[in-house]
There are 2 protein chains.
Amino acid sequence: MSAAGAGGSGTTDAAAPSLPRWTGPPLGSLAVIGVGQIGGSVALAARAAGAVTDVVGWSRSAETLRRAGVAGIVDRAAPSAREAARGAAVVVLATPVLTLGALAEEIAPVLRDDALVIDVGSTKRAAVAAVENHVARFVGCHPLAGTERSGPDAATAALFAGRLCIVCPTGRTPPELVALAERFWSAIGARPLRMDAALHDRVLGAASHLPHVAAYALAAAVGAIDAEGGETSAALRALGTTSLRDSTRIAASSPVMWRDIFLDNRAEMLPLIDRLAAAVGDLRAAIAAGDGAHLEAFLEAARAARGKVVPG
Amino acid sequence: MSAAGAGGSGTTDAAAPSLPRWTGPPLGSLAVIGVGQIGGSVALAARAAGAVTDVVGWSRSAETLRRAGVAGIVDRAAPSAREAARGAAVVVLATPVLTLGALAEEIAPVLRDDALVIDVGSTKRAAVAAVENHVARFVGCHPLAGTERSGPDAATAALFAGRLCIVCPTGRTPPELVALAERFWSAIGARPLRMDAALHDRVLGAASHLPHVAAYALAAAVGAIDAEGGETSAALRALGTTSLRDSTRIAASSPVMWRDIFLDNRAEMLPLIDRLAAAVGDLRAAIAAGDGAHLEAFLEAARAARGKVVPG
């Protein structure tokens, strides 16, 4: 019974045999609003796990929606977000975070009384409040998964395997709905972790959003050197160092998605960026002064600090 | 004949079968001064390739030298850099860049007339000049290899496989010696690329040194959040995001090595750090102003710039 939803799905990216599966009958139809890497991966994984019977999708880009069909992510393309959500047992909101409030307002009138609505956004405080204004059966979620790639072609059923999914219930979230959301994420391989939305935004600001600021700024600075052309640019392009590649990897991420995250988490970001700027300024001053002792102490402290917040 | 040098080497890390090999009789003894990850890897690779008959090593740390012996990197530990270099056919200077001038002065009196002396330092202009003052048969080299790990335990014979090695001859370098150095690097798997030392320092400043500034600064900034303790620190440590891990990976590198690189390449670093600081400031201003259009344009341009300087 648990495998029923996966049969004949037409996906090319089946879940690995070791992934957990949904137990019991599938919940019903899954609506995925925004069929990029994350939304698409939820669809592939949920169907492969047998958690849902079929997938209906919508994207504001007709081309993205077409590609999601070709990739076997959606069984049916809806003409609007509202039509996608109509009658769905599970609705996944997977569009940039600043769009979520309006999206919730649009779909609210057609939601099933027993629907589970979740999002996958990288910021939670404002977004959860905005969606809750319109949708009672909503659980704010943030799977810590995804790469710098974007779009349905980057979606895979195994994307969430072993990854944390932050779940941010509020005082208004029905407890049984939180449990259902966590069961859903577990069935597609993620490890749910409950966290207050405000704490989420503060911690992710440091652990994810600030690294993106640093990576985009570094890419821009090196890009300015490259733009000067000549032998420097030619040599720069010839080298392809792993240090530049790895430290700017996440600067290949979606500009629209990160524009929204930075703006939505502005209150946390500004003091974090000030800390980053101060650290860059401190390093610059030590180098300019030729202060080897201070420089070494700074680098040693930074290395030790990294060892505490980055696993193994 | 070409395999003679590799026989009975006692190394635990033999070169992969696909690595190139030295053709012709081995050059003679290899002296490795500084038996960290890079120096140790040159030793393992050169012996595995049959380029040298045996390896004598020296480190200012007796413990490092002992571990290099245990790891099979050196056949014999010398009591000083000078004694290591005495009679060697190839001498590799693999200590922090600011030590190279004094090291060259120390070993110059005992060098063989036909010795090949190379270094592996990450900055070239000042170091090449400093060594050339004392050693005529010197070729400045910088293999673009190595990881954030340090020490002899991080050395492997395959470290240079397929990696570029920048070779920086000057007007004083004997042409046959440049050719010999390039043959040596090719035999241990690297791809030699000639470059003027000044251009090297400018380009590596952007491609490697500036990424290290960004990574250390980011690690320091996130470390400051972590140091505040409480639930934020606990959650930060629990998350272990890949974005933070990858963008600060190189901040796990050796503080002493990077202290020297930053100071030695100060003239190139300061304007580069100013560009990085300006980019961070630009992002901050756009976020503070809620200027989504400028923010998106900045992120899009940074992503495009990265695509030009980082291979596929």
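What percentage of all Cα-Cα pairs in chain A are separated by more than 32 Å?
Details: 16150 of 48516 pairs.
Tail fraction, whole percent: 33.
Relative contact order for chain B: what percent, with Cα pairs under 8 Å and sequence separation of 6 or more?
Working: 557 pairs, mean separation 50.1, N = 312.
Relative contact order comes out at 16 percent.
Classify the range B:195-312 from the C-alpha gyration tensor, please: rounded if a/c falls under 1.5, else prolate or oblate depending on whether a/b exceeds b/c.
Values: a/c = 1.91, a/b = 1.20, b/c = 1.59.
Because a/c hits 1.5 or more and a/b fails to exceed b/c, the range B:195-312 counts as oblate.
Could you tell me whether the range A:62-182 comes out rounded, prolate or oblate from its Cα gyration tensor? Rule is a ≥ b ≥ c as square roots of the eigenvalues, rounded for a/c under 1.5, then prolate if a/b exceeds b/c, otherwise oblate. Walk me through the numbers before you get to the answer.
Numbers: a/c = 1.68, a/b = 1.21, b/c = 1.39.
Oblate shape, in that a/c is at least 1.5 and b/c is the bigger or equal ratio.
For the range B:244-269, list residues with backbone N below 20 Å from a point placed 7 Å from the Cα of B:A102 toward its Cβ?
Inside the label zone: B:255-266.
Could you tell me which residue out of A:A293, A:W258, A:V56 lies farthest along the dipole of chain A toward its positive end? Charges go on the beta carbon: Lys and Arg +1, Asp and Glu -1, centred on the Cα centre.
The listed residue farthest towards the positive side: A:V56.
Taking just the C-alpha trace of the protein assembly as shown, give me its Rg and Dmax in Å.
27.9, 89
What is the dipole size for chain A, taken about its Cα centre, with +1 at each Lys and Arg Cβ and -1 at each Asp and Glu Cβ, in debye to the nearest 20? Don't skip to the end; give the middle numbers.
On the way: 29 positive and 29 negative charges, 113 e Å.
Dipole size: approximately 540 debye.
Mind checking A:140-146 for the average number of partner chain beta-carbons within 10 Å of each residue's beta-carbon? Walk me through the intermediate numbers first.
Details: counts 0, 0, 0, 0, 5, 1, 2.
Taking all residues of A:140-146 together, the mean is 1.
Using only the heavy atoms of the protein chains and a 1.4 Å probe, how would A:K124, B:K308 rank by accessible area, largest first?
B:K308, A:K124
In terms of solvent-accessible area of protein heavy atoms at a 1.4 angstrom probe, what is the ranking of B:R60, B:R66, highest value first? Before the final figure, lay out each step's value.
Working: B:R60 195, B:R66 130 Å².
Largest accessible area first, the list is B:R60, B:R66.
What nm distances, shortest first, do you get from the label point of A:T147 to those in the other copies when the point sits 7 angstrom along Cα to Cβ?
Copy-to-copy label distances for A:T147: 1.9 nm.
Could I have the simple spin-label model distance between A:R266 and A:D114, label points 7 Å from Cα toward Cβ, reported in nm to one decimal?
Spacing of the two 7 Å Cα→Cβ label points: 4.3 nm.
Per the 1.4 Å probe, what fraction of the accessible area of the range B:87-135, in percent, lies on carbon and sulfur atoms?
49
When the helices in chain A are scored as -39500 (n - 2.57) per DSSP H run of 4 or longer and the sum is shared across all residues, what 222 nm value do you end up with, to the nearest 500 deg cm²/dmol?
That comes out to -15000 deg cm²/dmol.
What does the buried accessible surface come to for A and B, summed over both chains, with the probe at 1.4 Å? Round to 100 Å². Write down the numbers at each step before the final one.
Values: alone 15170 and 15210 Å², together 22380 Å².
Counting protein atoms only, the buried area is about 8000 Å².
Treating the point 7 Å from Cα along Cα-beta-carbon as the label, what are the nm separations from B:G307 to the other copies, to one decimal?
Listed shortest first, these distances are 4.0 nm.
State to the nearest 20 debye the size of the charge dipole of the protein assembly as shown about its Cα centre, where the only charges are +1 on K and R beta carbons and -1 on D and E beta carbons. Don't skip to the answer; put the middle values down first.
On the way: 58 positive and 58 negative charges, 184 e Å.
Result for the protein assembly as shown is approximately 880 debye, rounded to the nearest 20.
Taking the Cα centre of the range A:5-156 as origin, work out the dipole magnitude from +1 charges on Lys and Arg Cβ and -1 charges on Asp and Glu Cβ, in debye rounded to 20. Walk me through the intermediate numbers first.
Values: 13 positive and 13 negative charges, 16 e Å.
That gives a dipole near 80 debye.
Using a simple spin-label model with points 7 Å from Cα along the Cα→Cβ vector, what separation in nm is obtained for A:H294 and A:N133?
Going by the 7 Å Cα→Cβ label model, 4.8 nm.
Over the range B:166-253, what is the mean sequence separation of C-alpha contacts under 8 Å (at least six apart), divided by residue count, expressed as relative contact order in percent? If you can, show how the numbers build up before the last one.
Numbers: 44 pairs, mean separation 23.6, N = 88.
In percent, rounded to a whole number, it is 27.
Running a GNM on chain B with Cα contacts under 10 Å, which residue among B:G240, B:G140, B:G162 ends up with the highest mean-square fluctuation?
B:G240
Within a 10 angstrom radius of each residue's Cβ in B:283-289, how many Cβ atoms of other chains show up on average? Whole number is fine. Walk me through the numbers before you get to the answer.
Values: counts 11, 10, 1, 3, 10, 4, 2.
Average per residue, whole number: 6.
Taking each residue in B:191-202, count the Cβ atoms of any other chain within 10 Å of its Cβ, then average. What number comes out?
Details: counts 0, 0, 3, 0, 4, 2, 0, 0, 5, 2, 0, 5.
Taking all residues of B:191-202 together, the mean is 2.
Just want to confirm a number: the relative contact order over the range A:93-191, from Cα pairs under 8 angstrom separated by 6+ residues, in percent. All intermediate terms of the calculation are to be shown ahead of the outcome.
On the way: 134 pairs, mean separation 25.8, N = 99.
Relative contact order for the range A:93-191 comes out at 26 percent.
Before I look further, what does chain B give for accessible area per residue, probe 1.4 Å, in whole square angstrom? Provide the component values of the computation, followed by the final result.
Details: 11210 Å² over 312 residues.
For chain B, the solvent-accessible area averages 36 Å² per residue.
Suppose each label sits 7 Å from its Cα in the direction of the beta carbon; what would the A:D54-B:D54 distance come out to in nanometres?
7.8
Taking all protein chains in place and a 1.4 Å probe, what share, in percent, of the accessible surface of the range A:155-312 do carbon and sulfur account for? Could the numbers behind the result be given before it?
On the way: 2940 of 5350 Å².
Carbon and sulfur atoms account for 55 percent of the accessible area of the range A:155-312.
The values are calculated or read from the model by the stated rules, or taken from the named source; none is laboratory data. Owing to the predicted nature of the structure, the values given are computational and were not obtained by experimental measurement. Neighbour counts are summed over all protein chains in view; Cβ atoms, including those assigned to glycine, are modelled from backbone coordinates with ideal geometry. When the accessible area is computed, the model is the full protein with side chains, heavy atoms only, and any ligands, DNA or RNA have been set aside. Shrake-Rupley method; radii C 1.70, N 1.55, O 1.52, S 1.80 Å.
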